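The values are calculated or read from the model by the stated rules, or taken from the named source; none is laboratory data. A quick note: this is a predicted structure, and the numbers were derived from the prediction, not measured. A quick note on method: Cβ atoms are made from the backbone with ideal geometry, for glycine too, and the neighbour counts reach across all protein chains shown. Accessible surface areas use protein heavy atoms only, side chains included; no ligands, DNA or RNA. Shrake-Rupley method; radii C 1.70, N 1.55, O 1.52, S 1.80 Å.
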Amino acid sequence: MNGAQALLRTLVDAGVTTCFTNPGTSEMHFVAALDSVPEMRAVLAAFEGVATGAADGYSRMAGSPAATLLHLGPGLGNGLANLHNARKGKVPIINIVGDHATYHTKYDTPLQSDIETVARNVSSWVRTSSRTEDLARDAVEAITASFGPPGQVATLILPADVSWGEGGEPVRAQPPPSPPAASAEVVEEIARTLRGGQASAILLGGRALREGPLLAAARIAAATGAKLLAEVFPTRLERGAGLPPVERLAYIPEFASVQLSGLKHLILVDAKAPVSFFAYPGKKSYLVPDGCEVHELAAASADVLASLEALMDVLGAAGVEPERQEAARPERPSGPLTAETACQAIGAVLPEGAIVSDEAVTSGATLPVNTAGAPRHDWLTLTGGAIGQGLPVAVGAAVACPDRPVLALEADGSSLYTIQSLWTMAREQLNVTVVIFNNRSYAILNMELARVGARAAGPHAKAQLDLSQPDVDFVSIGKSFGVQSSRADTAEQLTDALERAIAEPGPHLIEVLIPTTFTPARLRAMPYALSALGKLPRPIASAVKRRLYP
Ligand SMILES: Cc1ncc(C[n+]2csc(CCOP(=O)(O)OP(=O)(O)O)c2C)c(N)n1
């Protein structure tokens, strides 16, 4: 066996059976070895950002890490933004990055670079394997590191001669050790706090937003009156009819501050104390209200479910009926397409078991409220804020769950970073319905421009946020990548097109042209619009408005 064959065998024996690839010369022995280890499914991506984002989507849904195959420092660098997102989402990924043969690097050839430096930004485990005999053992360490918890990005750099060298031997990975649950003292202290009856919330993040932990947290909430909150951008949120509803913290810090106001205790479960994404002149960065005490039940490295269940038991809440989301859908919308009617159409048809990759940005503001009571589904979000993640994540989720419908809800600007994901969707005939919300703008940046205090922006500044001139034709783009594509011009057309796309196998793209949502006037009106949708009580809407525009 050569090194590459031993590496592949080690990966598949450990349950790592999918690799998203974009190879070059230094990876050719790995590519050649794929035929001798057919249990490894290799999926070609036409850009490394697609491969790394797909690995992220796969790992979120499969429960075991995906691998990537990348070409030296530049290939890894191209995939970095989505590895950043995976790192922030605590998603396990194993990168195999090819390198020149060990004796070749001294010549500083065109593709030579410091791969480890590129890798370290996103990887908590990095190693350049230097001998064929050690390669499989190095791979086992990478796999173990990636599992965590927390899930991590591990990068194994594979010189060409280590890959082609003979004498490779597969190694069996040990099952990951069980992480510790919260100590009895921590559980007791938090139980006492919750029994005290002061205003409290449990903030769930990471793995705590899956069904088991959610149910335990909802029982604790029902027994103690604590509020359930979720972090702003969940890695994987299980939601819909029958599951406990959980209020996601808002991206806009003034909204989040209102959600948190009045709290005396905040209990963290695989989540960080809330902070504003960006600093704004004169505004707070740390959003925990003054006088609110923060308690950590379970860190990212802990057994989240066991910790919540221990707390539930101490509180005697195991038999308490948790709040469950009622089944409800919005009416099928009619008339002109706007961001709101488009979100309503999605809520009207979202199928049972759907996986939603949400990168709709401003156009998706009302997606949560329109889909809350849809049949049970998974919601995957932009964990690290680096846009260009939604389409690749949909690719990976569809590879991991071929029998489930995947919806990629994409803002136009974000989609263009990794639009060639469509090609992989077509090549692999993945069951993905892509909706492009085309507002021909980097709309959110108009809001940010005003919020950072740069109010007097002129035409040169505004041009940097504009995606018209020329207008992008997503139907033509979709067709050229081999994806059935159409444009919906009314809300009725969108609803019908969504139903058809979801029912038919293979990928589909639907473009909707919609006016931008985040004009300053609409932003001012937003608290009241959310109140009208039943999302915010009227007094809270007024409080948000006062905070936004003191
Ligand atoms: C990798 C990366 N580059 C740039 C940005 C900055 N950025 C944040 S939002 C945004 C524009 C989003 O526009 P679009 O996806 O069309 O959504 P819209 O705001 O129009 O709803 C940009 C460029 C980012 N977050 N990540």
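For the range 391-418, the candidate set comprises residues that are touching a residue at least 60 places away in the same chain (Cβ under 8 Å), within 16 Å of the ligand (Cβ to nearest atom) and surrounded by 23 or more Cβ atoms within 10 Å (Cβ to Cβ); within that set, the residue that is farthest from residue 347 (Cα to Cα) is 418. The single residue among 143, 115 that is in contact with a helix residue (DSSP H, G or I) (Cβ under 9 Å, 6 or more places away or on another chain), buried (at least 23 other Cβ atoms within 10 Å of the Cβ), over 19 Å from residue 34 (Cβ atoms) and not charged (D, E, K, R) turns out to be 115.
Search the range 434-460 for residues being free of Cβ contacts under 8 Å to residues at least 24 places away in the same chain and within 14 Å of the ligand (Cβ to nearest atom), and hand back the single one that is farthest from residue 341 (Cα to Cα).
449
Taking the conditions exactly as written (open to solvent by 10 Å² or more (accessible area, probe 1.4 Å) and touching a Pro at 6+ places or on another chain (Cβ under 8 Å)), does residue 345 satisfy them or not? It would help to see each step written out before you state the result.
Working: open to solvent by 10 Å² or more (accessible area, probe 1.4 Å): no; touching a Pro at 6+ places or on another chain (Cβ under 8 Å): yes.
Judged against the criteria, residue 345 is not a match.
Close Cβ contacts (under 6 Å, 6 or more residues apart or on different chains) running from residues in the range 350-362 that are open to solvent by less than 20 Å² (accessible area, probe 1.4 Å) to residues that are away from the ligand (no atom under 16 Å from the Cβ) and in a helix (DSSP H, G or I) comprise 350/371; 355/397. Contact map, the range 1-26: first residue hydrophobic (A, V, I, L, M, F, W, C), second residue part of a loop (DSSP other than H, G, I, E, B) and surrounded by 23 or more Cβ atoms within 10 Å (Cβ to Cβ), Cβ cut-off under 6 Å, separation 6 or more or different chains; pairs are 1/168; 6/168; 16/65; 20/45.
For the range 351-373, indicate whether the set of residues that are of a type outside the set (A, V, I, L, M, F, W, C), assigned to a loop (DSSP other than H, G, I, E, B), within 16 Å of the ligand (Cβ to nearest atom) and under 29 Å from residue 186 (Cβ atoms) is non-empty. So far as the range 351-373 goes, no, none of its residues is of a type outside the set (A, V, I, L, M, F, W, C), assigned to a loop (DSSP other than H, G, I, E, B), within 16 Å of the ligand (Cβ to nearest atom) and under 29 Å from residue 186 (Cβ atoms). Residue-level analysis places residue 502 outside the set of residues that are within 16 Å of the ligand (Cβ to nearest atom), in a helix (DSSP H, G or I) and either within 27 Å of the chain's Cα centre (by Cα) or surrounded by 22 or more Cβ atoms within 10 Å (Cβ to Cβ) (or both). A search for C-beta distances below 6 Å between a residue of the range 266-281 that is free of Cβ contacts under 8 Å to residues at least 12 places away in the same chain and any residue that is open to solvent by 10 Å² or more (accessible area, probe 1.4 Å), counting only pairs 6+ apart in sequence or on different chains, returns 279/285.
In this structure, does residue 15 turn out to be assigned to a loop (DSSP other than H, G, I, E, B), among the small types (Gly, Ala, Ser) and touching a helix residue (DSSP H, G or I) at 6+ places or on another chain (Cβ under 9 Å)? Give the derivation first.
Values: assigned to a loop (DSSP other than H, G, I, E, B): yes; among the small types (Gly, Ala, Ser): yes; touching a helix residue (DSSP H, G or I) at 6+ places or on another chain (Cβ under 9 Å): yes.
So residue 15 passes the test.
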